[in-house]
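Trainee: Have a look at the structure that comes next, please.
Derivation of every value follows stated rules applied to the coordinates shown; laboratory data play no part. Since we're looking at a predicted model, the values are computed, not measured. Every residue, glycine as well, gets a Cβ built from its backbone with ideal geometry; the counts of neighbours run over all protein chains shown.
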Amino acid sequence: MTIEEVQNEIIDEFSMFDDWEERYQYMIDLGKTLPLIEDKFKTDDHIIKGCQSKVWVHAEMDDNKVKFTADSDAIITKGIIAILIRVFSNQNPKAIIDSDTDFIDQIGLKEHLSPTRANGLVSMIKQLKMYAIAYQTQLN
Amino acid sequence: MNVTEKNIDFNVESIRKDFPILRREVNGKPLVYFDNAATSQTPQQVIDVIVDYYSNYNANIHRGVHSLSQEATDAYELARQKIQTHFNAAQPHEIIFTSGTTHGINLVANGFTSLLNEKDELIVSALEHHSNIVPWQMLCERTGAKLHVIPMNQNGDLDLSEYDKLLGPNTKLVFVNHISNALGTINPIKEIINKAHTVGAAVLVDGAQSCPHIKPDVQDLDVDFYVCSAHKICGPTGIGMLYGKEKWLKTLPPYQGGGEMIAEVTFKKTSYADLPHKFEAGTPNVCGGIAFGAALDYMNAIGFDAIANYENELLDYATKLLLEIEGVKIYGTAKKKTSVISFNVGNIHPYDIGTLLDKMGIAVRTGHHCAQPIMDYYQIPGTIRASFMFYNTREEIDYFISSLKKAVLMLS
């Protein structure tokens, strides 16, 4: 699936919910599906700055596709990073760099998009794209 | 408005009408504002003063010959006198307007740079906010003086027997908060001040968290410096005050140079203005100062005794209900504390609970509360902090408790 297709799939899933409780409950559940980062990568240089909770992200390149793993010590943050990784993982670096993240608005999580928000969603997106840029440079 | 301690009957419903913000909704729910230790809300009476200033007499103050400037100057200096009266300072010029608590602390810390050397020692309490730690660390870096820490115990009380051991002939400065922002502990500052004075050390008390709840008497405390911010006391942000004993304010050199703080300027030599202007370089926050005075009028009209009694009731009520929730651990259980509850529920991250409470219209603070050493002491990433003011209600606490239970259920 392309990034856009995955995003549309997520939008469809969230469109079933009427209120914030159901959306957040689903996000919490998605956190449980997160491909977990290996403990050896849970180091300070894998932490994403700008989050009130801790978020660790690791990336690997396999068959020209970037594969992300992550973890967080907060459950909601884990849900957020799980959604992002579902969108960006197993994609080629160029697709990740070129993608937009408008879908976050459409799944009712717009409030997390403010750059001053303490959860660091914006920092997470930036960090995932930074990994993609680094791998793209290797490919060039 | 007259400043009187004799209060009208404490009627929270009528008080709440003074605060327009309490009528708004957040995420479709009526706002429950429990982040008062970070900033308090502003009553209409203070908002009106701000609007009146910009509508009718906005002008630069001091030395203006025109009427607006005179009116603004009079109002600003009247506010200084209100603050002097409120804190019972001996002289109006012992009150220096600052941009807030942090500014006041930096002003004093910078002033001591030329007065200290590497033999000197400073003492700080383990309960401090970063703003009452970092300026002193910087002062130690500039002067070579050593920084010692009064330790705390599990309840969040300071260990004063350790303080006795740290005090010595080389102790020059002691700085401690009146009330801890993270835990709400009321520190025995009178005892701390008396002991410091026996070795000739000066004491700065950070009153950021105390001023909304109690009315400090700086002469009775015999404190050398006392600092606070107006925005914690129903006033606007960006304005605060430093009280300093006259002898200290005369001894310390100016902090910033500029207009307002000079007596005479030539390119060879500048002589400084008298107190308080020596420490008030540049055009001050005139409106903020006037509104600060109005905020004190507002609080005094309700009465600090009535406020403290009511807030203690809220604290007891919330503490009791919180402890009935399985897994709740409250940090800071000092015998004397104000209406601040720092807590966690089991292993749930404070951020998760704060996020879900926000969805339900409740404002609390989560994180380390700019007091990382305290969080390190308890070995936790942070806490959820609910802090109450006199305009909060038991009904709000009930809603907070039921919302918290819902959040915990979602996160378990």
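Trainee: Short version: ³J(HN,Hα) in whole Hz for each residue of the range B:199-207, in order, from phi by Karplus 6.51 cos²θ - 1.76 cosθ + 1.60 (θ = phi - 60°), x for Gly and Pro, what are they?
Mentor: Karplus-based 3J(HN,Hα) across the range B:199-207 equals 9, x, 8, 8, 10, 10, 10, 8, x Hz.
Trainee: In peptide A:71-77, what is the residue-averaged number of other protein chain Cβ atoms found within 10 Å of each Cβ? Let's see the in-between values first.
Mentor: Details: counts 0, 3, 5, 11, 10, 9, 4.
For this peptide, the per-residue mean of nearby foreign Cβ atoms is 6.
Trainee: Another one. Translational diffusion coefficient of the range A:27-100 at 20 °C, 1.002 mPa s, Stokes-Einstein with Kirkwood Rh over Cα pairs, in µm²/s as a whole number.
Mentor: Estimated diffusion coefficient is 171 µm²/s.
Trainee: How far is it, in nm, from the label point at A:ASP29 to the one at B:VAL265 when both lie 7 Å from their Cα along the line to the Cβ?
Mentor: So the two model labels end up 6.8 nm from each other.
Trainee: Under a cut-off of 30 Å between alpha-carbon atoms, report the lysines in cross-link reach of B:LYS250, not counting same-chain residues fewer than 8 places apart.
Mentor: Of all the lysines, those that pass the test against B:LYS250 - Cα under 30 Å, at least 8 places apart if same chain - are B:LYS82, B:LYS119, B:LYS146, B:LYS172, B:LYS190, B:LYS195, B:LYS215, B:LYS232, B:LYS268, B:LYS269, B:LYS278.
Trainee: Under 5 Å between amide hydrogens, which residues at least 5 positions from B:LYS337 or on another chain qualify, with H placed 1.01 Å from N in the peptide plane?
Mentor: Here the answer is B:ILE186, since their amide H atoms fall under 5 Å of that of B:LYS337.
Trainee: Whole-Hz ³J(HN,Hα) for each residue in the range B:321-334, computed from phi via Karplus 6.51 cos²θ - 1.76 cosθ + 1.60 with θ = phi - 60°, x for glycine and proline: what do you get?
Mentor: 5, 5, 5, 6, 7, 4, x, 6, 10, 9, 9, x, 10, 4
Trainee: Another question about this same structure. Looking at the square roots a ≥ b ≥ c of the eigenvalues of the Cα gyration tensor of the range B:10-63, which shape do they give, rounded for a/c under 1.5, prolate if a/b is larger than b/c, or oblate?
Mentor: Working: a/c = 2.46, a/b = 2.20, b/c = 1.12.
Cα axes put the range B:10-63 in the prolate bin.
Trainee: For the range B:294-361, with only Lys/Arg (+1) and Asp/Glu (-1) charged at the beta-carbon, what is the dipole magnitude about the Cα centre, in debye rounded to 20?
Mentor: Values: 6 positive and 9 negative charges, 54 e Å.
It works out to roughly 260 debye.
Trainee: Over the protein assembly as shown, how many percent of alpha carbon pairs lie in each 20 Å bin up to the one with the longest distance?
Mentor: Spelled out bin by bin, the protein assembly as shown gives 19, 45, 30, 5 percent.
Trainee: Which Cys residues of chain B have no other Cys beta carbon under 4.7 Å away?
Mentor: Isolated Cys, chain B: B:CYS140, B:CYS234, B:CYS287, B:CYS370.
Trainee: Let me see the pair-distance distribution of the range B:68-202: every alpha carbon pair, 10 Å bin width, integer percents in order.
Mentor: With 10 Å bins starting at 0, P(r) equals 11, 35, 34, 15, 5, 1.
Trainee: Here is a further query. Quick check: residue separation of B:GLU25 and B:VAL12 times 0.36 nm, minus the Cα distance between them. What number comes out in nm?
Mentor: Details: separation 13, 0.36 × 13 = 4.68 nm, distance 1.92 nm.
Going from the current span to full extension adds 2.8 nm.
Trainee: Then there is this: What FRET efficiency comes out for the pair B:SER114/B:TYR54, r = Cβ-Cβ distance, R0 = 35 Å, nearest 0.05?
Mentor: Numbers: r = 40 Å, r/R0 = 1.14.
Efficiency, from the Cβ-Cβ distance: 0.30.
Trainee: Something else: If a/c stays under 1.5 just call it rounded; otherwise compare a/b with b/c (prolate if a/b is bigger, oblate if not). Do that for the range B:249-328, with a ≥ b ≥ c from the square roots of the Cα gyration tensor eigenvalues.
Mentor: Values: a/c = 4.32, a/b = 2.81, b/c = 1.54.
Cα axes put the range B:249-328 in the prolate bin.
Trainee: Separate question: So what does log10 I(q)/I(0) come out to for the range A:3-139 at q = 0.15 Å⁻¹, using the Debye formula with one equal point on every Cα and no solvent?
Mentor: Relative scattering, expressed as log10 I(q)/I(0), comes to -0.69.
Trainee: Percentage of Cα-Cα pair distances in the range B:49-300 greater than 24 Å, rounded to whole percent?
Mentor: 47
Trainee: Sticking with this one: So what does log10 I(q)/I(0) come out to for the range B:1-141 at q = 0.11 Å⁻¹, using the Debye formula with one equal point on every Cα and no solvent?
Mentor: Result of the Debye calculation: -0.73.
Trainee: Grab the beta carbon distance between B:LYS146 and B:ALA306, set R0 = 56 Å, and tell me the FRET efficiency rounded to 0.05. Don't jump to the answer; show the numbers that get you there.
Mentor: Values: r = 44 Å, r/R0 = 0.79.
The computed FRET efficiency comes out at 0.80.
Trainee: Compute the Cα gyration tensor for the range B:241-395, then decide on rounded, prolate or oblate, letting a ≥ b ≥ c be the square roots of its eigenvalues: rounded whenever a/c is under 1.5, prolate when a/b is larger than b/c in the other cases, and oblate in all that remain. Mind dumping the intermediate values first?
Mentor: Numbers: a/c = 2.85, a/b = 2.09, b/c = 1.36.
It comes out prolate by the Cα gyration axes.
Trainee: While we're looking at this one, here's another question. Whose amide H sits under 5 Å from the amide H of B:ALA202, counting only residues 5 or more places off or on another chain, with H placed in the peptide plane?
Mentor: B:LEU173, B:VAL174
Trainee: Same structure, new question: Could you work out how much longer the chain between B:THR198 and B:LYS405 gets when fully extended? Use 0.36 nm per residue separation minus the Cα distance between them, nm to one decimal. Mind dumping the intermediate values first?
Mentor: Details: separation 207, 0.36 × 207 = 74.52 nm, distance 5.09 nm.
Working it through step by step, the gained length comes to 69.4 nm.
Trainee: Also, I was wondering about something else. Between B:LYS250 and B:GLU395, take the C-beta separation as r, use R0 = 45 Å, and let me know the FRET efficiency to the nearest 0.05.
Mentor: Values: r = 52 Å, r/R0 = 1.15.
Given R0 = 45 Å and the Cβ-Cβ separation, E is 0.30.
Trainee: Let me ask something else. In whole angstrom, note down how far apart the Cα centers of the range B:366-406 and the range B:13-35 are.
Mentor: Value for the Cα centre distance between the two parts: 18 Å.
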